[in-house]
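The values are calculated or read from the model by the stated rules, or taken from the named source; none is laboratory data. Note that the structure is predicted; figures quoted are calculated from it, not measured. Note that each Cβ is placed from the backbone with ideal geometry, even for glycine, and that neighbours are counted across all protein chains shown. Only protein heavy atoms, including side chains, enter the accessible area calculation; ligands, DNA and RNA are left aside. Shrake-Rupley method; radii C 1.70, N 1.55, O 1.52, S 1.80 Å.
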Amino acid sequence: MHVDERSAGFFALGMAKATKQPTILVCSSGTAAANFLPAVVEAHYSRIPLIVLTADRPHELREVGAPQAIDQVNLYGKFVKYFADLALPEASETMIRYVRTMAVRAVSASSGASAGPVHLNFPFREPLTPDLSSFALPKSWGADKRPTCKVIDGGRVLSTEQIRTIADAISKSERPIIVCGPIDISGFSKSVVTFSAKLGCPVLADPLSQLRSGEHDKGLIVDTYDSFLRESEIAQRLKPDLIIRFGAVPTSKSLGLYLQKHSDARLLVVDEGAGWREPTHMFSDLIYAEPIQFCESIIEAIDELNLETASTSLEWTRKWIELNRTAKIELSNRVQSEKMNEGQVFFELSNLLPQGSNLFVGSGMPVRDLDSFYFCNDREIKLFSNRGANGIDGVVSGALGVSAMSDTVNVLVLGDLSFYHDLNGLLAAKLHKLNLTIVLINNDGGGIFSFLPQAQFAPHFEELFGTPIGLDFEHAVRMYGGTFTSTSTWGQFCETFKRSLREPGLNVIEVRTNRDENVRVHREIWGAVSNAIRPVLDRDV
Ligand SMILES: Cc1ncc(C[n+]2csc(CCOP(=O)(O)OP(=O)(O)O)c2C)c(N)n1
Ligand SMILES: [Mg+2]
């Protein structure tokens, strides 16, 4: 139960992200249903299974001025994979069979690749009061509660011929890289690192690829590319001849520009959901295949055909690893200071988060700082973010939805505007007694915009982009029964953070920063990285 449907939508989305199972959202009619739209849009683009059940008026009361009635037919437009306007309920065997089969259809449509939202609209005639005292399954269902039918999906499997052709092309590459964007498939990390080891090539891993945490081998994983690919000479000289990309489009802008710069390299995009996710339009091959199976079958084909993979230049891979090592030393040293800076939150969290934690990260600077400062570690830590549509709405609810489904440490890091946007979402923490530590990076406005060229236009920048809101969030957090601590030093932050993990419920730790100062610190760090890595390019490694 959640009173605000907009928050409820994102809460359900968080639950579905955590379980990877379709989550059901139910509401009454009218704008209640319309408030699910932002979450439905995010579910569509991030491929999360949601089943939206909306109540509606019967046909004779539609579009004739009846109260709380809006046109709900195809309300979510093309953002749902399947829509049905169901028949009025009827206690006949045929109609019960019909509605149960619709349930199977909804589950199958929402969870089949690529997963996404579906919408079933239910008309009801008055009386609308349920008789809960006599609530029982209809007799015709009998003892058998199994679905009326099952859907058997063969999945996307490439033919031997297709695999061999791709394996042959891959094995000829001298300077391959693997790029992993946001992806969450159990077992993928292990499988892609085995694949990269076979090719002997580096893996550029977005934090949301889940590759930076866990027990798999990380010897070939590059987690600092965002900082060193900013250096145009480096980006120019690291010339790949083959790029194999998995998952959604990576967060890093410098990585995007790097890939665009090398448009002559062959770009293979592997997509289990048969989508079209490559904004540069530069893919040479769009491969619709399940990623784990893809990695395994290419390795098999390379072995079977005795293809020579040693063509990957050793120097090429060593150069990437050395650049990564050097950049990481510089980033780690520079980001740590007693006076708080935003990037340090993620650096500290990659050390502080215990085994099995969930870390949800908001849009704006947090997801970018996650990319820059959250480095590889061997603990199982699951990372979440709403990267389908990159909205700053529903972040609090998304994290609470994840927390509702997992009995572990749950942490959310987000900016002040994102926090404000979904303050209503905090109600779920109180009502459902959820555990969540929120690290609120409060720079009083949209810090991300200070990095853009419009930051130079002083007279209107603050009003149109910076948008400071000057709120003291402590009152709101206390209203929902949470604790609120503002921290000003790292010692204090770490101590408060560790304490919050021992104290159940909602705990908010505010880190106050300044947007101008934040840009200065980031540029200083990137400058230092650039100085440290340039010599590596010319050095024999
Ligand atoms: C619903 C929605 N409205 C507006 C935006 C545009 N937008 C992207 S980032 C951002 C600012 C975020 O500010 P904050 O959460 O404080 O994070 P910061 O950039 O300060 O780290 C805005 C307004 C968006 N992504 N989603
Ligand atoms: Mg902010």
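If you find the alpha carbon centre of the range 314-380 and of the range 195-243, how far apart are they in angstrom?
What the calculation gives is 14 Å, centre to centre.
In whole angstrom, and with the biggest value first, how far do the Cα coordinates of the range 5-141 range along each principal axis?
38, 37, 26
Ignoring ligands, DNA and RNA, how do Y82, Y225 rank by accessible area with a 1.4 Å probe, largest first?
Order by accessible area, largest first: Y82, Y225.
Given a cut-off of under 8 Å on Cα pairs at least six residues apart, what relative contact order in percent is computed for the chain?
Working: 1033 pairs, mean separation 79.9, N = 541.
Normalised by residue count, the contact order of the chain is 15 percent.
Which value, in Å² rounded to 10, gives the accessible area of F457 with a 1.4 Å probe and all protein chains present?
The value for F457 is about 140 Å².
With all protein chains present and a 1.4 Å probe, how do D371, D4 order by accessible area, largest first?
Sorted by accessible area, descending: D4, D371.
Report, to two decimal places, the Cα Rg of the chain normalised by 2.2 N^0.38 Å (N = number of residues).
In units of the 2.2 N^0.38 Å rule of thumb, it is 1.05.
If ligands, DNA and RNA are left out, what is the accessible area of I525 with a 1.4 Å probe, given in Å² to the nearest 10?
10 Å²
Rank these by accessible area, largest first, 1.4 Å probe: E348, E338.
E338, E348
Could you name the lysines in cross-link range of K253, using Cα to Cα under 21 Å and dropping any fewer than eight places away on the same chain?
K239, K261, K328
Evaluate Rg over Rh across the range 160-329, taking Cα atoms for both radii and Kirkwood's formula for Rh.
Details: Rg = 14.7 Å, Rh = 15.9 Å.
That ratio equals 0.92.
Add +1 for every Lys or Arg and -1 for every Asp or Glu among the other residues with Cβ under 14 Å from the Cβ of V151, and state the total.
Residues close to V151 contribute a combined charge of +4.
Would you work out what percent of the accessible area of the chain, with all protein chains in place, is carbon or sulfur (probe 1.4 Å)?
Details: 13080 of 24230 Å².
The nonpolar share, carbon plus sulfur, comes to 54 percent.
Could you state the number of Å between the C-alpha centres of the range 40-68 and the range 453-523?
36 Å
Under the rule of at least 5 residues apart or a separate chain, name every residue whose amide H is placed under 5 Å from the amide H of V508.
I438, T483, F484, T485
For the range 342-512, report the accessible area per residue in Å² (1.4 Å probe, heavy atoms, rounded to an integer).
Ligands and nucleic acids excluded, the result is 38 Å² per residue.
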